[in-house]
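Q: Below is a structure I'd like to ask you about.
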Amino acid sequence: MDELLDATVLICTYNRANLLGETLDSLRATRTSLRWDVVVVDNNSTDATREAVASRIGEFPVRLRYLFEPRQGKSNALNTGLESTDAAIVVFTDDDVRVSERWLDASCRPMLDDPAIDYTGGPVLPIWEQPRPSWLDSTRTDLWGTLAILDYGAERFVFEERRRVPLGANMAVRRQLIDRIGGFDPALGRNGSSLLGQEQAEFFCRSRSVGARGVYVPEASVQHHVPARRLTREYFLRWWYWKGVSKARLEQRHPVTEMGIDLSQVPTIARIPRFMVGSAIRDLGGMVRAAATNNAVEAMRRAAMLCYFVGYVMGVRSAEPSPSRSVSAKSSVA
């Protein structure tokens, strides 16, 4: 550990050696006056991940470290990475992105210049492995999260004021906030090839509860690979089902949503918020109308929302009601 570091770039990886190599090569071109390093946490990869990191250590401009986390699950890997650094800022990205030369500066500078800013996030723009399918809307963004794409526009804003959160593929967090609220919940997040998620959303539930504030930084953009295997209707519907399951688990812990709705106080039908049931009925009718008019974009959106609803119902039914809890700073990064 090095208390003098301004930033640690943390990458968790699982069986993406070639893409990880591209990410590290783009980081190697970073131009900054910050004191920084890179930590790669290998979460049980069976490919050449270790070699992809080791082969670049000698020529890397800053310290590049490889860690192995045998407990499967992205949250476990994230917490292992957090345990390994005392840098003032932890900058999170993925193993399938390309960053620009000034990305690190853009991500960290708002926090270095203003002690009232606790975290930042920026755009995640697609690198299409094959052309975008015709059923995926190019302007409406509500399905973009399926592919880890995010673009909130060209202007800075405070996340809490617009009730938004960054993506885990491109965010930076002040270490003091992590020490205050803890790391990531191992009960959430990707685990191998599963599509369970919401570990970042759960983290920001806790950050909001302590009054933390984050800033969207358009200049801090990354490019993210979108593989062809994810550009299928089947993948989208499966992803939205598991988002529903994950969201139900999240809201068992934190019933107040990012929109400020306290779900413990809203009317329910069989433990499902009544407004969600109404939305599902409208989505079913909308999907039928879209199919009748050959509106493939709208039919896909409605079908995804219905899969989300079914997943949410299954998530609620599989869990007993429990009080809100948080992940302690000590246990979550141990």
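The values are calculated or read from the model by the stated rules, or taken from the named source; none is laboratory data. Since the structure is predicted, the reported quantities are computational estimates derived from the model, not experimental observations. Heads up, the Cβs are rebuilt from the backbone with ideal geometry, glycines too, and the neighbour counts pull from every protein chain shown. Heavy atoms of the whole protein, side chains included, go into the accessibility calculation; ligands, DNA and RNA do not. Shrake-Rupley method; radii C 1.70, N 1.55, O 1.52, S 1.80 Å.
Q: Residues with beta-carbon under 11 Å from that of L67, excluding L67: net charge, scoring Lys, Arg +1 and Asp, Glu -1?
A: In short, -1.
Q: Separate question: Among C108, W128, V158, whose Cα lies farthest out toward the positive end of the dipole of segment 44-164, if unit charges sit on the beta carbon of Lys, Arg (+1) and Asp, Glu (-1)?
A: Value: W128.
Q: For segment 69-189, count the residues as N, evaluate 2.2 N^0.38 Å, and divide the Cα radius of gyration by that value, please.
A: 1.16
Q: Right, something else. To the nearest 20 debye, what charge dipole does segment 71-183 have about its Cα centre, counting +1 at the Cβ of each Lys and Arg and -1 at the Cβ of each Asp and Glu?
A: 180 debye
Q: Taking Cα pairs under 8 Å and at least six residues apart, what relative contact order does the chain come out at, in percent?
A: 20 percent
Q: Here is a further query. Relative to the first principal axis of the alpha-carbon coordinates of the chain, what is the inclination of helix 74-83, with its axis defined by its Cα atoms, in degrees from 0 to 90 and to the nearest 10?
A: Orientation of helix 74-83: about 30 degrees from the principal axis.
Q: Dividing the alpha-carbon radius of gyration of segment 191-277 by 2.2 N^0.38 Å (N being the number of residues), what value is obtained?
A: 1.34
Q: On to the next question. What size of dipole, in debye to the nearest 20, comes out for the chain about its Cα centre when the only charges are +1 on Lys and Arg C-beta atoms and -1 on Asp and Glu C-beta atoms?
A: It works out to roughly 1120 debye.
Q: Output the antiparallel fraction of DSSP beta bridges having both residues in the chain, as a percent to the nearest 5.
A: Antiparallel bridges: around 40 percent, rounded to the nearest 5.
Q: Right, another one. Going toward the positive end of the dipole of the chain, with +1 on Lys and Arg Cβ and -1 on Asp and Glu Cβ, which of V90, W36, A228 do you reach last?
A: The listed residue farthest towards the positive side: A228.
Q: Using Cα pairs under 8 angstrom and six or more residues apart, how large is the relative contact order of segment 97-160, in percent?
A: Value for segment 97-160: 28 percent.
Q: Out of the total accessible area of segment 94-186 (probe 1.4 Å, heavy atoms of protein only), what percent is carbon and sulfur?
A: 45 percent
Q: For segment 1-151, just say rounded, prolate or oblate: build the C-alpha gyration tensor, square-root its eigenvalues into a ≥ b ≥ c, call rounded for a/c under 1.5, and beyond that prolate if a/b exceeds b/c, oblate if not.
A: Oblate, since a/c reaches 1.5 and b/c is not below a/b.
Q: A further question on this structure: Taking the highest mean first, how do the peptides 116-123, 66-73, 235-242 order by number of other beta carbon atoms within 10 angstrom per residue?
A: Put in order of decreasing packing, that is 116-123, 235-242, 66-73.
Q: While we're here: In the P(r) worked out for segment 125-233, what percent of Cα pairs fall beyond 17 Å?
A: 61 percent
Q: A further question on this structure: Which three extents, in angstrom, do the Cα atoms of segment 97-159 have along their principal axes, listed largest first?
A: Extents along the principal axes: 44, 24, 18 Å.
Q: Cβ neighbours within 10 Å, averaged per peptide: list 283-291, 97-105 in order, most packed at the top.
A: Result, highest mean first: 97-105, 283-291.
Q: Principal axis extents for the chain, Cα atoms only, whole Å, descending order, please.
A: Principal-axis extents of the Cα atoms in the chain, largest first: 59, 44, 40 Å.
Q: Could I ask something else about it? Over the chain, average the accessible area per residue using a 1.4 Å probe and give it in Å², no decimals.
A: Per-residue value: 45 Å².
Q: Okay, next question. Rounded, prolate or oblate, given the Cα gyration tensor of segment 1-83, with a/c below 1.5 counting as rounded?
A: Since a/c reaches 1.5 but b/c is at least a/b, the shape of segment 1-83 is classed as oblate.
Q: Could you point to the residue in M305, F275, A291 farthest towards the positive end of segment 247-322's charge dipole, with +1 and -1 charges on the Cβ of Lys/Arg and Asp/Glu respectively?
A: A291
Q: Dipole size in debye (nearest 20) for segment 117-177 around its Cα centre, Lys and Arg Cβ +1, Asp and Glu Cβ -1?
A: 160 debye
Q: What is the sum of charges around D47, taking Lys and Arg as +1, Asp and Glu as -1, for the other residues whose C-beta is under 13 Å from the C-beta of D47?
A: Around D47, the surrounding residues sum to -1.
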